[in-house]
Amino acid sequence: MEYLVQQADIDLLRMAGLSEEDLAHSVRVAEKALEIAGRTGAQVDLELVGRGALFHDLGKAKTHAIEHGRIGAELGQALGLPAAVTAIMEKHIRGGLTPAEAEELGLPVKDYTLSRLEERIIIYADRLVDIITDGLVELHDEREAESRFEEFLRTIPKYGKNAPTLARYLNYHGEIQAMIEKGRQA
C-alpha cells in the first residue's frame, strides 16, 4: 500500500495557523520519511509515517519553543487526529526524551522514547531535511546527507544538540541504514 501526502491534511495545517515555511518543511519531512520507509523494506504503517511526519511540527503554529511538541499534540487531539499521530508530535523533540531529560527541559515528566520504527524514521527524516534545507549538501544529491549524517551531527552542535540526543540520532541512523543496506543486498 502506498501513501501520499493528502491535500486535506495540508489544508488542516494551514487552517491551524502553521506558517508556509513550517508547512513546506513538514511536507518535505513527510516525503523524505515515506521515501526512507520504502527503502528500508520493512513492514511499516505508511499512513502513520506520512501523517506523523506531516503533523510533527503542528505546535509551531503557536510556538517554536521546545514545548511545541506537547502543544502540537494537544492541537492534534482537538483536531481529531489519531493517537498514534499525536504521540509522534509529542515525542519527536530531540528524538525521544527520557523522563530525566524532559524534567531538565521543563516538559511534563514522562517517557518520550520512540518505540515504533515509524517514529524513528520520521525523526531521522526530520534531521535529514534540516541538513538538506540548510544547504550542507547539494539538492541534487540528498543521499549525501545520509552518508555524512554522523559527521554533520558530531561537528555542528545545532544538529546533535547534546550527548544523549546525538546518541539517539546516531542509533536511528545506524538502524535505518542497516535496514536499507539489507534491502539492497536482498
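Derivation of every value follows stated rules applied to the coordinates shown; laboratory data play no part. This is a predicted model, so every value here is computed, not measured. When we count neighbours, we look across all protein chains shown, and the Cβ atoms used for this are built from the backbone with ideal geometry, even at glycine.
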Exposure proxy ranking, count of Cβ atoms within 10 Å, fewest first, for LEU128, LEU58, LEU117: LEU117, LEU128, LEU58
task: Provide the gained length on full extension for the span ALA78 to THR155, in nm with one decimal, where the gain is 0.36 nm per separating residue minus the Cα-Cα distance.
output: 23.8 nm
field: Most to least packed among 45-51, 77-83, 119-125 [average Cβ atoms within 10 Å]
entry: 119-125, 45-51, 77-83
- request: Rounded to the nearest 500, what is the 222 nm mean residue ellipticity of the chain from helices alone, with -39500 (n - 2.57) per DSSP H run of 4+ residues and division by all residues?
  value: -20000 deg cm²/dmol
- prompt: Roughly how big is the chain's charge dipole about its Cα centre, with Cβ charges of +1 (Lys, Arg) and -1 (Asp, Glu), in debye to the nearest 20?
  reply: 340
- prompt: Using θ = phi - 60° and the Karplus curve 6.51 cos²θ - 1.76 cosθ + 1.60, what whole-Hz ³J(HN,Hα) does each residue of the stretch 138-152 get, with Gly and Pro shown as x?
  reply: 5, 4, 6, 10, 4, 5, 4, 4, 6, 5, 10, 3, 4, 4, 4
Whether the stretch 17-122 is rounded, prolate or oblate, judged on the alpha carbon gyration tensor where a/c under 1.5 counts as rounded: oblate
- prompt: The list (i) 16.3; (ii) 12.3; (iii) 10.3 gives values of mean projected area of the Cα convex hull in nm², and only one came from this structure; which label was calculated from it?
  reply: (iii)
query: In whole percent, what relative contact order does the stretch 7-185 give with Cα contacts below 8 Å and a gap of six or more residues?
result: 21
- prompt: Under the Karplus relation 6.51 cos²θ - 1.76 cosθ + 1.60, θ = phi - 60°, what is the ordered set of whole-Hz ³J(HN,Hα) values for the stretch 171-178, x standing for Gly and Pro?
  reply: 5, 5, 4, x, 4, 6, 5, 5
field: Rough spin-label spacing in nm, given labels placed 7 Å along Cα→Cβ, for GLN43 and ILE10
entry: 3.2
- prompt: Which order do peptides 135-142, 84-91 fall in by mean Cβ count within 10 Å, highest first?
  reply: 84-91, 135-142
- prompt: Short version: ³J(HN,Hα) in whole Hz for each residue of the stretch 52-57, in order, from phi by Karplus 6.51 cos²θ - 1.76 cosθ + 1.60 (θ = phi - 60°), x for Gly and Pro, what are they?
  reply: x, 5, 5, 8, 4, 9
message: Based only on other Cβ atoms within 10 Å, what is the fewest-to-most ordering of THR40, THR63?
response: THR63, THR40
- request: Go through SER26, PRO108, ALA16 and say which Cα lies farthest out towards the positive end of the charge dipole of the chain; charges sit on Cβ, +1 for Lys and Arg, -1 for Asp and Glu.
  value: PRO108
